[in-house]
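Taking it in order: structure first as structure tokens, then the write-up.
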């Protein structure tokens, strides 16, 4: 599996690939072009994979020696609301309450944060929550594509924590203010391409909060699969390379829901997704 990253070298942003070595992850530099330009071109992606295959991981710098940034800087971040079916009693149709269409909202560009960035709990927000989600990175322009065509437009998959403040979210019929505080969309730490991920509807999504598993559910239980989501959105807008579509969060486990409290400075949340990796975010205090 090749993990593609964006990282900072001095003041410059560069693309790279993460290789495993006996003593930990190492970094192969892939140049100064934005990562999305590599992943949106099949030839360049193949060349990057060939460079990874030929590299001597032991001779490369440690991944920990650099600062990872969000792997792409999307022009648009689109997210889904309810998209995972909950548990139902035996004999009850699990699809009975499925909505007819996806519930889509936007997170603005100020929300984007890298995998090394803390998320600020604003002084005016008193009900901050997390949502661990599979995120889709667009690689080829998509407009009016069918579900059968849609996955051809996907560059890869990453992880997004859709941080929200529920109190601001409840203030209005639209969710924008509760979803769009600065740094409320940690993204990363890398992108894994579709050939390494395989079926996006067969991935275990888990969230760990302060050492306790609070979410554990497969993408097999989503109402709208990735192909349908990309197709649906492309009927309205042209999806451009680097755009991110976050596919919704599973419900918290019952015991986690019962014990839930808003996020506070000092808390950590790790979102891990099978065959992709994990994204750990630390929450810090904001200014009054």
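Its relative contact order, with pairs defined as Cα atoms under 8 Å and 6+ residues apart, puts the chain at 23 percent. The Rg/Rh ratio for the chain, using Cα coordinates for both the radius of gyration and the Kirkwood hydrodynamic radius, is 0.96.
Helix 42-54 and the long axis of the chain differ in direction by around 70°, with both axes built from C-alpha atoms.
For region 163-279, the alpha carbon positions stretch 37, 33, 25 Å along the principal axes, listed from largest to smallest. Where the centroid of each part is defined by its Cα atoms, how far is region 4-43 from region 171-221 in Å? Centre-to-centre (Cα) distance: 22 Å.
Mean sequence separation of contacting Cα pairs (under 8 Å, at least six apart), scaled by the length of region 1-55, corresponds to a relative contact order of 28 percent. Translational diffusion coefficient of region 90-196 (Stokes-Einstein, Kirkwood radius from Cα pairs, 37 °C, 0.692 mPa s): 204 µm²/s. Across region 25-98, Cα-Cα distances exceeding 15 Å account for 72% of all pairs.
Along its first, second and third principal axes, ordered by size, region 3-68 spans 32, 28, 14 Å in Cα coordinates.
Considering only DSSP beta bridges where both residues belong to the chain, give the percentage that are antiparallel (nearest 5). Of the beta bridges lying entirely in the chain, close to 90 percent run antiparallel. Projecting label points 7 angstrom from Cα along Cα→Cβ for residue 274 and residue 170 puts them 3.6 nm apart.
Plainly put, region 213-282 has a radius of gyration that is 1.04 times its Kirkwood radius, both from alpha-carbon atoms, as the Rg/Rh ratio.
Per-residue ellipticity at 222 nm computed for the chain from its helices equals -4000 deg cm²/dmol, with DSSP H segments shorter than 4 residues left out and the rest contributing -39,500 (n - 2.57). Fully extending the segment from residue 8 to residue 210 would add 69.9 nm, taking 0.36 nm per residue of separation and subtracting the current Cα-Cα distance.
Values quoted throughout were computed directly from the atomic coordinates according to the rules given, and no laboratory measurement underlies them. Treat the numbers as computed from the prediction; the structure is a model and nothing was measured. No Cβ is skipped: glycine too gets one built from the backbone with ideal geometry, and neighbour counts run over all protein chains shown.
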